[in-house]
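All remarks here apply to the structure that follows.
The values are calculated or read from the model by the stated rules, or taken from the named source; none is laboratory data. These figures come from a predicted structure and were not determined experimentally. Quick reminder, even Gly has a Cβ in these numbers, built from the backbone with ideal geometry, and neighbours come from all protein chains shown. Remember, those area values only see protein heavy atoms, side chains included, never the ligands or the DNA or RNA. Shrake-Rupley method; radii C 1.70, N 1.55, O 1.52, S 1.80 Å.
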Amino acid sequence: MIVLGLTGSIGMGKSTTAKMFAEAGVPVHDSDETVHRLYSGVAAPLVEAAFPGTTVGGMVDRVKLGARVLGDAGALKQLEAIIHPLVRADADAFLARHRNAGESIAVLDIPLLFETGGRGRVDKVVVVTAPSEVQRQRVLARPGMTEEKLAAILAKQVPDEEKRRLADFIIDTGQGLDAARAAVAAIIAELRGQRGS
């Protein structure tokens, strides 16, 4: 089974692209969705123990947690030490399930693939990109987003240009949904072709 890592900076259209892989029949493991699930389950008591008062009704309150860790590098590192191994274990179980089911390709949607040293976990990398002006418009349209927040997020991410240089495949979502969907189909066809030969 070919493990495809899907990544891209904030506002590049990665979530939309992940849905396109899923619609094409490729299993997709979504790291963000997994964190949401963990926060309402197994991770909640661990987060509460590390950051008392950040859970409500046995679930992590993301607003309270954000207030505790954002802007505090040490606290963020502590949170990542709790969450990252849980997300990775969930992804490993996902891959094992689909490998056993005989899937030819599976996607790991990892927002910070390069930033967290995840390149070694995947066979190929797809980077989702868009012109910087399109990216800014998309991100600044999000509720509560400001120029300052966007700048802080981008400062922590590997630059788009570098991600594209490290990619095996690039999908430019600035060209529209149909073009992105066609790029997804072409990648799937190429990988299935490689696997078949």
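Specify which of the listed residues (A93, A75) is more than 25 Å from A50 (Cα to Cα) and outside any loop (DSSP other than H, G, I, E, B).
The conditions single out A93.
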Does at least one position in the range 173-183 carry a residue that is in a helix (DSSP H, G or I), under 18 Å from V28 (Cβ atoms) and open to solvent by 80 Å² or more (accessible area, probe 1.4 Å)?
yes
For T34, state whether it is part of a helix (DSSP H, G or I), surrounded by 20 or more Cβ atoms within 10 Å (Cβ to Cβ) and free of Cβ contacts under 8 Å to residues at least 60 places away in the same chain.
yes
Only one of Q135, Q175, Q157 that is modelled with pLDDT of 90 or more and out of contact with any strand residue (DSSP E or B) (no Cβ under 9 Å at 6 or more places or on another chain):
Q175
Restricting to the range 111-160, name every residue that is over 19 Å from L6 (Cβ atoms), assigned to a helix (DSSP H, G or I) and among the small types (G, A, S).
S132, A151, A152, A155
What are the pairs, 6+ residues apart or on separate chains, where a residue within the range 122-144 that is small (G, A, S) has its Cβ under 8 Å from a residue that is at pLDDT 90 or above?
A130/G11; A130/M12; A130/G13; A130/R138; A130/D172; A130/T173; A130/G174; S132/D160
Of all residues in the range 57-72, how many are under 21 Å from the mean Cα position of the chain (by Cα) and either closer than 21 Å to I110 by Cα or surrounded by 12 or more Cβ atoms within 10 Å (Cβ to Cβ) (or both)?
7
